[in-house]
Amino acid sequence: MKGSLFDLSGKVALVTGGGSGIGKASALALAREGFAAGVAGRRKERPAEVVGGSEGFGGQARGNATDVRPPDQVQPVFAKTKGTVG
C-alpha cells in the first residue's frame, strides 16, 4: 500500500540480514513502499530471492552476498549499494 503513511518513493535502504526472517520481511515491505533497496545477506542465493520478490511489487532492489559482521565489510557494502541502486 504505497504512500499509506507518507511518501518514501525514491529513497534507498540497505537491509542487512535481508536474506531471511525479519530482514527479508523488512526488505519486501520497503520495496512495497517505493524504496530502492540493497539487500545484504551471507548467502548469495537468499538476497537474490528477496530481489525477485521485491520486483513483484515494482520495487528496485539489488542483492549483495556480504557478511557485515567484520567491521571492514561495512563500507564496501554501502558503496556497492550506492553504486547499484543510487
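Pairing residues of the range 13-31 that are farther than 17 Å from THR81 by Cβ with residues that are surrounded by fewer than 23 Cβ atoms within 10 Å (Cβ to Cβ), at Cβ distances under 8 Å and at least 6 apart in sequence or on separate chains, gives SER20/ARG46. Can you spot a residue in the range 21-42 that is among the hydroxyl-bearing types (Ser, Thr, Tyr), assigned to a loop (DSSP other than H, G, I, E, B) and modelled with pLDDT of 75 or more? Within the range 21-42 (the criterion being among the hydroxyl-bearing types (Ser, Thr, Tyr), assigned to a loop (DSSP other than H, G, I, E, B) and modelled with pLDDT of 75 or more), the answer is no, since none of the residues qualifies.
Please tell me if GLY17 is at pLDDT 80 or above, under 11 Å from the mean Cα position of the chain (by Cα) and not hydrophobic (A, V, I, L, M, F, W, C). Can you show your working first?
Numbers: at pLDDT 80 or above: yes; under 11 Å from the mean Cα position of the chain (by Cα): yes; not hydrophobic (A, V, I, L, M, F, W, C): yes.
In short, yes.
Being buried (at least 16 other Cβ atoms within 10 Å of the Cβ), in a loop (DSSP other than H, G, I, E, B) and modelled with pLDDT of 80 or more is true of VAL68.
Quick one: would you say VAL77 is among the hydrophobic types (A, V, I, L, M, F, W, C) and either modelled with pLDDT of 75 or more or open to solvent by 20 Å² or more (accessible area, probe 1.4 Å) (or both)? It would help to see each step written out before you state the result.
Values: among the hydrophobic types (A, V, I, L, M, F, W, C): yes; either modelled with pLDDT of 75 or more or open to solvent by 20 Å² or more (accessible area, probe 1.4 Å) (or both): yes.
When the stated conditions are applied, VAL77 passes them.
The values are calculated or read from the model by the stated rules, or taken from the named source; none is laboratory data. What you see is a predicted model; the values in this text were computed from it and never measured. With ideal geometry, Cβ positions are generated from the backbone for all residues, glycine too; neighbour counts draw on all protein chains shown. These area figures cover heavy atoms from the full protein model, side chains too; ligands, DNA and RNA do not enter into them. Shrake-Rupley method; radii C 1.70, N 1.55, O 1.52, S 1.80 Å.
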